[in-house]
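Just below is one structure, and these are the notes that go with it.
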Amino acid sequence: MKKEIEKIADKLVYAYKKNKLINPIPIKFTKNIENATKLRKLCESKINTKVVGFKAGGTALPVLKKLKEKKPFYSAVFKNNVLKNGKTVKINKSTLGIELEVGYLIKKSFFNHKSSVSIKNVTKFISHMMPCIEIVGYRQKKKGIKYLGDLASDFGANVKFLVGTKKKFKKLNFGNLKTNIKNSSKGVSVDGNTGSVYISPLNSLKFVLNELKKDKVLLKSNFYVFTGSTVGVVPLVKKGLYSAQISKVGRVSSKIS
């Protein structure tokens, strides 16, 4: 198993670095979330690029129930996968779609906090908030989601993040903010709500921060946390400019080619 997981990790890392697609990995690395998590961590350890944040995945409660999982997962986000607002992202046949998320910039002082993070104290770690677009997809020649480990094992299925204008954090009702993502020229428009994100984006943030503590992750700078999609995974059946907004948080866009 140890030799096999190393081989699979090397293949995924090759695909990540070269922007290539490989054949689907064995199902035993995706069906069991613990195996998927081991593979993800091994893959991430083989990347030398700076980690600038983390994403929460599988944050929709109905999806977790359908996949028979009890909690989401998190994965690292590397510097080269974070783009400025409006940048172009090229997709491939294994791209799953586009998501709209609440992102938070977290103070590095978080790593000095010894006790667990709660809903009551989570806001003290937040410096800024922003809307974000995430392009999700595999480094494998496959489509769809059968297990949560499908996403977790493949670098969290995060391809690119587009970060909107950062605003200083202020307390909002993050459990009930209206959201929308659209491509006006193609007639695509999807409404959502931040309440679909693991009760709320703040609850999702709390989950990620506690997982980082449990895994003894340590960074030397402020970092992003992307909290999960407010609109589900919107298929990219049409290319062009996608613009999105989260009420009271801001706007963000990306050109898909």
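The values are calculated or read from the model by the stated rules, or taken from the named source; none is laboratory data. Fair warning: this is a prediction, and the values are worked out from it, not measured in the lab. Virtual Cβ from ideal backbone geometry, glycine too; neighbours counted across all protein chains shown.
Results for (1) in contact with a His (Cβ under 8 Å, 6 or more places away or on another chain); (2) closer than 14 Å to Gln140 by Cα; (3) not hydrophobic (A, V, I, L, M, F, W, C), shown as yes or no for each residue.
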{"site": "Ile8", "(1), (2), (3)": "no, yes, no"}
{"site": "Lys11", "(1), (2), (3)": "no, yes, yes"}
{"site": "Tyr14", "(1), (2), (3)": "no, yes, yes"}
{"site": "Lys20", "(1), (2), (3)": "no, yes, yes"}
{"site": "Ile33", "(1), (2), (3)": "no, no, no"}
{"site": "Lys41", "(1), (2), (3)": "no, no, yes"}
- Task: Being closer than 21 Å to Ile256 by Cα and either within 16 Å of the chain's Cα centre (by Cα) or not in a helix (DSSP H, G or I) (or both) is the filter here, so list the residues in the range 184-231 that pass it.
- Result: Gly187, Val188, Ser189, Val190, Asp191, Gly192, Phe226, Gly228, Ser229, Thr230, Val231
- Apart from one, (1) of a type in the set (Gly, Ala, Ser); (2) within 16 Å of Val231 (Cα to Cα); (3) part of a strand (DSSP E or B) all hold for Gly175; the odd one out is (3)
- Residue hits (the range 41-77; under 16 Å from the mean Cα position of the chain (by Cα) and of a type in the set (Ser, Thr, Tyr)) are Thr59, Tyr74, Ser75
- Query: Looking at this structure, is Lys87 modelled with pLDDT of 95 or more, surrounded by fewer than 16 Cβ atoms within 10 Å (Cβ to Cβ) and touching a Lys or Arg at 6+ places or on another chain (Cβ under 7 Å)?
  - Reply: no
- When you scan the range 102-120, how many residues do you find that are surrounded by fewer than 19 Cβ atoms within 10 Å (Cβ to Cβ) and under 20 Å from the mean Cα position of the chain (by Cα)? 2
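Could you tell me which of the residues Glu69, Glu44, Glu34 is out of contact with any Asp or Glu (no Cβ under 8 Å at 6 or more places or on another chain), outside any strand (DSSP E or B), over 17 Å from Tyr147 (Cβ atoms) and not small (Gly, Ala, Ser)?
On the way: Glu69 fails: over 17 Å from Tyr147 (Cβ atoms); Glu34 fails: over 17 Å from Tyr147 (Cβ atoms).
Answer to the selection: Glu44.
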- Selection within the range 184-201 - surrounded by fewer than 22 Cβ atoms within 10 Å (Cβ to Cβ) and not small (Gly, Ala, Ser): Lys186, Val188, Val190, Asp191, Asn193, Ile199
